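Asker: Right, I'll just put the structure down here and ask away after.
Laboratory data are not the source of any read-out in this text; all were calculated from the coordinates shown. Just so you know, these numbers come straight off a predicted model, no measurement behind them. Cβ placement follows ideal geometry from the backbone for every residue including glycine, while neighbour counts extend to all protein chains displayed.
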């Protein structure tokens with residue numbers, strides 16, 4: 001996940017699922033979970049996402065603050081998770097938002113194919129002269145795209161960790177961690193608003 005946020009394009013939602021029985025859902029208090037072993041990256045990600053959610057009139061708590069340090073060091077049983085759910089309910093949470101990097105793939109693009117398509121060339125000479133470099137080098141370039149998955153679970157008395165929404169966001173490798181995280185969160189918040197889910201509705 002650290003690599004995904006350290007190398008330049010805009011992230012985008014490529015796939016999503018929403019519970020058909022949930023037309024709208026707004027949360028008052030949400031636990032933000034960045035699933036990565038890198039503690040610094042996790043802290044940075046959860047901090048920025050929590051701040052964006054708080055701008056939309058809800059209480060957002062970072063998992064790095066909520067979980068005990070030992071929680072992520074061992075596998076949790078069903079009993080442990082049930083106890084955690086009860087603890088969340090007792091502290092007023094009604095949603096959990098989890099994000100993780102699920103994989104990566106390489107994308108190939110033709111460098112010059114359309115770069116100068118709209119230029120008003122006046123002659124064969126001008127056109128050929130500006131494109132002759134194609135004969136001297138590769139015409140394609142590769143760049144990495146990271147796939148992420150974000151899941152929203154309702155923590156409600158009448159529902160048992162029910163999945164309300166899940167989205168896949170592709171992240172072209174950014175130049176910096178900060179830029180990558182900000183770009184991802186912008187896409188995520190926009191998607192949640194469009195689906196009228198999690199974000200408090202006016």
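Asker: Find how much the distance from residue 182 to residue 51 grows on full extension, using 0.36 nm per residue of separation minus their present alpha carbon separation; answer in nm with one decimal.
Answerer: Here the segment from residue 182 to residue 51 would lengthen by 46.0 nm.
Asker: Quick one: if you stick a label point 7 Å off each Cα along the C-beta vector at residue 29 and residue 162, how many nm between them?
Answerer: Using points 7 Å along Cα→Cβ, the separation is 2.1 nm.
Asker: How long is the gain from residue 21 to residue 149 if the chain were fully straight, where each residue apart is worth 0.36 nm and the alpha carbon distance is subtracted?
Answerer: 43.9 nm
Asker: For 30, 14, what ranking results if the residue with the fewest other Cβ atoms within 10 Å of its Cβ goes first?
Answerer: Ranked by crowding around the Cβ, least crowded first: 14, 30.
Asker: Here is a follow-up. What is the spin-label model distance, in nm, from residue 190 to residue 79 if the labels are put 7 Å beyond Cα along the C-beta direction?
Answerer: Calculated label separation equals 4.7 nm.
Asker: Only counting other Cβ atoms within 10 Å, I'd like 17, 165 sorted with the fewest neighbours first.
Answerer: The fewest-first ordering by Cβ neighbours comes to 17, 165.
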